[in-house]
1. Send over a whole-number figure in Å² for the accessible area per residue of the chain, probe 1.4 Å.
2. Just want to confirm a number: the relative contact order over region 213-355, from Cα pairs under 8 angstrom separated by 6+ residues, in percent.
3. Nearest-5 percent of antiparallel DSSP beta bridges in the chain?
4. For Gln491, put the label point 7 Å out on the Cα→Cβ axis and report which residues of region 323-346 keep their amide N under 17 Å from it.
5. In this model, which of Lys297/Lys433; Lys106/Lys250; Lys376/Lys623; Lys234/Lys335; Lys289/Lys623 are farther than 25 Å apart at the alpha-carbon?
6. Could you give the spread of the C-alpha atoms of region 107-151 along their three principal axes, from largest to smallest, in whole angstroms?
7. Could you work out the relative contact order of the chain, using alpha carbon pairs under 8 angstrom and six or more residues apart, expressed as a whole percent?
8. Report, as a whole number in µm² per second, the diffusion coefficient that Stokes-Einstein gives for region 383-485 at 25 °C and 0.890 mPa s using the Kirkwood radius over alpha carbon pairs.
Amino acid sequence: MPETPPIVSEELQLLEEATERLGRAAGRTYASEDEIIGELQHIQEQIRGGKSDDKSAFEQQYEHLVRLLEQLRRGRPTERPDPLSPYFAHMRLNTDGRTFDVLLGKATCLEDGLRIVDWRHAPVSRVYYRYQEGDEYEEEFGERMVEGRLLARRSVSIRQGELERVTSPQGSFLKEGMEWTTVRQAPPRLAPKPEKQAGTGKSAFSTGKALRQDKHLPDIAALIDPEQFELISKADSGPVVIRGGAGSGKTTVALHRIAWLAYQTPSRFPPHKMLVVVWGRALRDYVGKVLPSLGVKGVGVATWSDMSRALVKRHFPGLPNHTNANTPSVVSRIKLHPELPRLLEELVRGRQAPPTGASAVDDWKALVGDSAILGKLSGIPPQDVQTAILWARSQQAQLAARADGEKNAETWLDEEDDALLLRCWQLRVGNMKARDGSQVRFSHIAVDEVQDFSPMEIAVLFAMCDKHQCITLSGDTQQHIMEKGGSLRWQDLLLGLGIASTELSTLRISYRSTAPIAAFSRAVLGPLAEQESAPETMRDGPAVEVMTFAEHGACVDALGIALRTLLREEPNASVALVSLDAATARLYYEGLERMELPELRLVEEEEFAFAPGVDCVDVSQVKGLEFDYVVVVGASLGVWTARPHHRRLLHVAATRAVHQLWVTCIGEPCEAVQEALA
């Protein structure tokens, strides 16, 4: 058998020792405060009389027992490392002439010579996130400044007690069967550049052995970079605003910030007092599964549309329970206008009315039905204001008829009215109510894809926070896909929310896609690309392939052959066939279904399986997700236009790809693709 790489042998020995010591430590429990206090007194004596070489270990054990005592006094169960997956990272430090190993996990164990620390609170974990192997470090641990050198920095994957992967600056090592193979330092690829099939003019996928890095995903906490770590651990008051391109880790930062806050101050940030608001249902389902894995259970995760609709029903039971799907775009644009929150506040201050739900409804009616107010909105021509006024009058007439008992009155609300009504309630009545009648006050709210929320919607969420206004807003205006609302520029969003531009933090490294994919994705934006947030990529990869066909049937045939080969050679691959609209997604699904392509799915209403295979889906459903392969189908001239909205949609579709991107066209490629190829 091939010789095991030295780094792997070292990690195997370390895991064996850690597992043995964890087994011994498992029998040592502290059932009462008195036991812990007694042990603390004993350690104090050891520190006073012990050797200098032992002092650091005793101090760490002392700190650990203090935290156990705090947990016991708070009624919080003490946590121990999972013996089947005790840690996800290893670093070797040299300090004051001593060399020792520290392991990072999701719980702490500093007994029997072990140094497994919880990455969320242990000061020493900062060394892992802020420094690279070989760097000298200087950090404040407790009340003393510690200097040293980071001798080794490795991430590991341990499942069911078995070491499966080691990643280090010297290389990545993967266990396949009983042997260890080296994943070369050259960036891993799911496929090299597709080769042309002789005589056909068609391309074919060609796969390698490695999916992502090695098919075993490491704990995401092991991959957080120093810039992300600083945002995660920012102050627990006021807004944190994160700008970053696709794959830069915006969502990772937001979710780990929740875990950080919950662990640092559990009394102030209990899970049920925190909320994550996302743009779509697919991301909601994903986030709902990720947070428990971070050790945070019970955090509410909701889409804005579902949450706001439920709140309107609770606070305004006399209004219709359904929304109109045919609201004129002019009306939607006015109701989502960034200047409307300010005008609403002025209106409520100027109207004398009792603090009741009925008064809040009257405020809403006055806002949307007053031409003098709507005429103050910048960029809205008088004819559009008149259209909105006529729509509001018709809407309110139907509501009045319904209130008078007319059963056939065709009543409705616009989707945009939910935020207006809720904000009217907050300004006129006060805090909103939970199901049990208590006030809704969150200690922290995280909003993902904030660029597709209107300032009115964000204002509602701000008002749902407690006095500390602890809120995390993350997004990328280049991925703005809500044609009628949201923010196309960060300065507009920040101005509408009254947030200083200096509060905006930018994540500049894109970890998801390869350099060719990132370059193509940026190129299709054309003049919309933001210079101040140009991404840096970490990996090279195969060139983006653009293929043209005479008709969809020929494209389906070529894709069917290529995808069948891909799924046979790489069964763990995830592939998305992304189209502009649902009809095209169904067309390709039905065509590939006829070819009996295995693991084929048509995605509707964001019901993703999150499993290997091929998803046929329109672009409106994929934001926030990623796939190993992406094929943008039908990116043809006259279908995808050069309008800003279509450029952003194409950018979103392309940036879902981790390893390889194909673009297929029927006839000529669309303008944005042609520009990217020029």
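1. Per residue, the chain has an accessible area of 44 Å².
2. Relative contact order, region 213-355: 15 percent.
3. 45 percent
4. Of the residues in region 323-346, 338-339 have backbone N under 17 Å from the label point off Gln491.
5. Over 25 Å Cα-Cα: Lys376/Lys623; Lys234/Lys335.
6. 28, 24, 20
7. 12 percent
8. So the translational diffusion coefficient is about 150 µm²/s.
The values are calculated or read from the model by the stated rules, or taken from the named source; none is laboratory data. None of the values given here were measured: they were computed from a predicted structure. When we count neighbours, we look across all protein chains shown, and the Cβ atoms used for this are built from the backbone with ideal geometry, even at glycine. The accessibility values were calculated without ligands, DNA or RNA, using every heavy atom of the protein model including side chains. Shrake-Rupley method; radii C 1.70, N 1.55, O 1.52, S 1.80 Å.
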